[in-house]
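The values are calculated or read from the model by the stated rules, or taken from the named source; none is laboratory data. Worth saying up front: this structure is predicted, and the values here are computed from it rather than measured. So basically every Cβ, Gly included, is an ideal-geometry build from the backbone, and we count neighbours across all protein chains shown. Note: areas computed on protein heavy atoms with side chains; ligands, DNA, RNA excluded. Shrake-Rupley method; radii C 1.70, N 1.55, O 1.52, S 1.80 Å.
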Amino acid sequence: MNVKVFLKSYRRELRFLLLFVLFFFLGQGIHYATRSYTAPFLVNFLNAGVSSKIINAVTPWEKTSLDGNVIVSGTFRLNVAQGCEGIEGILLIASAILAFAMGLREKILGILAGFLVIYGANILRIISLYYVLKYRPGLFDFMHIFVGQTFIIVIGLLFFLFWISAFSGTHEKGH
C-alpha cells in the first residue's frame, strides 16, 4: 500500500493519534511548568492527605498523620512524591477524549468523569502501597512500579473505551 492510500484510508485514526499526542504533550508541559505551585494541593492535600484519612477510617489503629507529602504512622513513613498524584493518567484520558470525535459537552463530561475515576483509582493505589510497604515491604517495588502503574493505565483505558462506546454516536458532524 502506498503512503497516499494509507493516509487517505486511515485519516480519522491518524488525526486522532496526532491530536492525542499534541494534547498530551501540551498537558504535560503545563503540568511541569506549574507543578511547583500545584504540588502542595495535588500531592499533599488531595492524594497524601485524603489517603491518610481513608487509612484511618478503615484501620483506625494505624493512626496516620500527614507531614507535608508523607503519610506517617509511628516511625513508619510513606512518601507520596510528585508524579504519584495520578496527573499522567488524567492527562492520558483527557487527551484521548479531546482528540476523539464527539460533542463538546460529552468531552467536558468525559474529562470530569475521567478525572474522578483516575483520582479514585490513584487513591486506592496509594492506600494499597501504604499497606504493602508497611506489612510486606519486599513486594513494594513490584507493586509500585509494575502493578500500580499498570492498574492506573488499565483503568484509564477501560474508562476511555466505555466513554467512547457510550457517547461516540453524539459526535459533531465533520469529525
Pair list, Cβ < 8 Å and 6+ apart or interchain, from region 72-85 residues that are of a type in the set (Gly, Ala, Ser) to residues that are open to solvent by less than 20 Å² (accessible area, probe 1.4 Å) and part of a loop (DSSP other than H, G, I, E, B): SER73/THR64
Since ALA101 meets every condition but one in (1) in contact with a Ser or Thr (Cβ under 8 Å, 6 or more places away or on another chain); (2) within 15 Å of VAL43 (Cβ to Cβ), which condition does it not meet? (2)
Reported set for region 93-118 where residues are within 18 Å of THR34 (Cβ to Cβ) and either among the acidic types (Asp, Glu) or in contact (Cβ under 8 Å) with a residue 60 or more places away in the chain (or both) is ALA94, SER95
SER168 vs (1) loosely packed, with under 15 Cβ neighbours inside 10 Å; (2) modelled with pLDDT of 95 or more: all pass except (2)
